[in-house]
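Asker: What follows is a single structure, and I will ask about it in a moment.
We did not get these values from a lab; they are worked out from the coordinates using the rules stated. Computed from a prediction, not measured in an experiment: that's the story for all the values here. Ideal geometry is used to build each Cβ from the backbone, glycine not excepted, and the neighbour counts take in all protein chains shown.
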Amino acid sequence: MNCAANHARGRVGFSSRAPLASRFCFDSQRRRRMTSSLTTKRRRPLVIGILLLFAIAAAPQPAWCHDEVRLGRMLIGYDIADLPADPTPQQQIEAGRKQIDVAREDDPGLDSNAEVHDYFNEIASRLLAASGQKPLFPLEVHVSSVPINNAEAIPGGQIILYERMFDTTDDESQLVSVIAHEIAHELHNDFISFWQDYKENKDIDGPGGVLAESVKVEGAADETGARLMYAAGWDPNGMVELFKRFHKFGVMARRGRPDYRSSHPEEAKRSEPIEALIGKLPRKDGLIKTSPRFDELKQKY
Ligand SMILES: [Zn+2]
């Protein structure tokens, strides 16, 4: 596909509109590029609400030529149209690296923040070690300073996290809940089910459609993520707190409207299965809520 055709069809690179669940975001509505002028820490709670209101108007500049692969309105990925329906792990790894190449064009500073990169990777390693599972491919955790409030699991073990996560979390357990959710997507290899939907041109809406499937996939990633946190020694209540926080700011951003149709579990109720799960887990003393390192980096970023 040539660049002109691609640009004519739509925005290239990171979409300002939520790309639904296809890239397995932690939250379907918060993959937003935002202006940086309002983002002082003092004004943060209000800023989150305001920015969500206006983020849709703040379109990123299309600057690259990549072939967007979409299933209806869902963005599946870039430059992967030739991937077979049942790709090998190696093909998935290569597909994931292509997505990182695109992300690096959008954000040339990707992974340049060594201290946050190391901190996030250490957390990911501890979660993965506690899982007792071996993913099909090595996990690679990337860190972007682009002001987006989300996280993404991409095919082939690639995960993109954002410095902005320090803004949207109050303590380490909340931050770890995001990383654990993305690792769960990789352990479940959720890309494949959506990729197969794309190959079959499955309907997005309606019962049994891709959106309904996505809600289940996201709920399963929440549950596995909470279990990973507990196994690795972090307090899974951090995930519950974060979902409640998202809901609070989500309602503000929607001017009081309580929820929306989404690729993710219903915002107001997203914490409920995790609360039920926590109620069944054996008591474990000393679960981590936060750490001096988290506080130090939150102050800095
Ligand atoms: Zn997710």
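Asker: Greater than 24 Å separation of Cα atoms is the criterion. Which listed pairs, 134/269; 244/289; 216/298, meet it? Can you show the working numbers first?
Answerer: Details: 134/269 31 Å; 244/289 16 Å; 216/298 32 Å.
Over 24 Å Cα-Cα: 134/269; 216/298.
Asker: For the stretch 76-181, which chymotrypsin sites (Phe, Trp or Tyr not before Pro) are in a loop by DSSP, counting at most 15 other Cβ atoms within 10 Å?
Answerer: Passing both the DSSP loop test and the Cβ count: no residue.
Asker: Sort the following peptides by mean Cβ neighbour count (other Cβ atoms within 10 Å, averaged over residues), highest first: 153-161, 136-144.
Answerer: On the way: 153-161: 25.7, 136-144: 19.2.
The most tightly packed comes first, giving 153-161, 136-144.
Asker: Also: Order 174-185, 215-226 from most to least packed using the mean count of other Cβ atoms within 10 Å.
Answerer: The peptides rank, most packed first, as 174-185, 215-226.
Asker: Name the trypsin sites (Lys or Arg not before Pro) in the stretch 222-301 that are in a loop by DSSP and that have at most 10 other C-beta atoms within 10 Å, would you?
Answerer: Filter output for the stretch 222-301: 255, 261, 283.
Asker: In addition: Could you tell me how many cubic angstrom of Cα convex hull volume the stretch 105-226 has per residue? Before the final figure, lay out the partial values.
Answerer: On the way: hull volume 15.2 nm³, N = 122.
Here the figure is 125 Å³ per residue.
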